Amino acid sequence: NASFIKQLAYCQQQFGPLQSHEVYGLAPHPALGGGEPSLKHRFKTDVIPYLTMVSQLDQFEVMMDIVQYAKSVGLMSE
């Protein structure tokens, strides 16, 4: 979706590409009162601590493989 692509492109420009142990996160997280996700709430962090924290906030599920999606739309190289 267009919003996801815009946010991914913004994060890559602001924070650089992700390494295998990183993720673009939200602060404050919507489950903690952060409201709708927006560009100003994005940051780059280590994936394990972030997903550990997020998984305790609400029922956790992975909705899509974002790396595969980013590659399919040309935002990341193969």
**Request:** Tell me which of these residue 26 doesn't satisfy, since it passes every other one: (1) surrounded by 15 or more Cβ atoms within 10 Å (Cβ to Cβ); (2) of a type outside the set (Gly, Ala, Ser); (3) closer than 19 Å to residue 55 by Cβ; (4) modelled with pLDDT of 90 or more.
**Result:** (4)
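Where in the chain are there helices (runs of 4 or more DSSP H), lying wholly inside it, with at least 2 residues that are within 13 Å of the chain's Cα centre (by Cα) and in contact (Cβ under 8 Å) with a residue 40 or more places away in the chain?
Hits in the chain: 2-15, 66-72.
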**Item:** Matching residues, the range 48-70, being over 23 Å from residue 1 (Cα atoms) and at pLDDT 80 or above
**Value:** 48, 49, 50, 52, 53, 55, 56, 57
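Restricted to the range 8-23, and to residues that are within 18 Å of residue 51 (Cβ to Cβ) and touching a helix residue (DSSP H, G or I) at 6+ places or on another chain (Cβ under 7 Å), which residue is surrounded by the fewest Cβ atoms within 10 Å (Cβ to Cβ)?
The qualifying residue surrounded by the fewest Cβ atoms within 10 Å (Cβ to Cβ) is 21.
The values are calculated or read from the model by the stated rules, or taken from the named source; none is laboratory data. Since we're looking at a predicted model, the values are computed, not measured. Note that we place each Cβ from the backbone using ideal geometry, even for glycine, and neighbour counts take in every protein chain shown.
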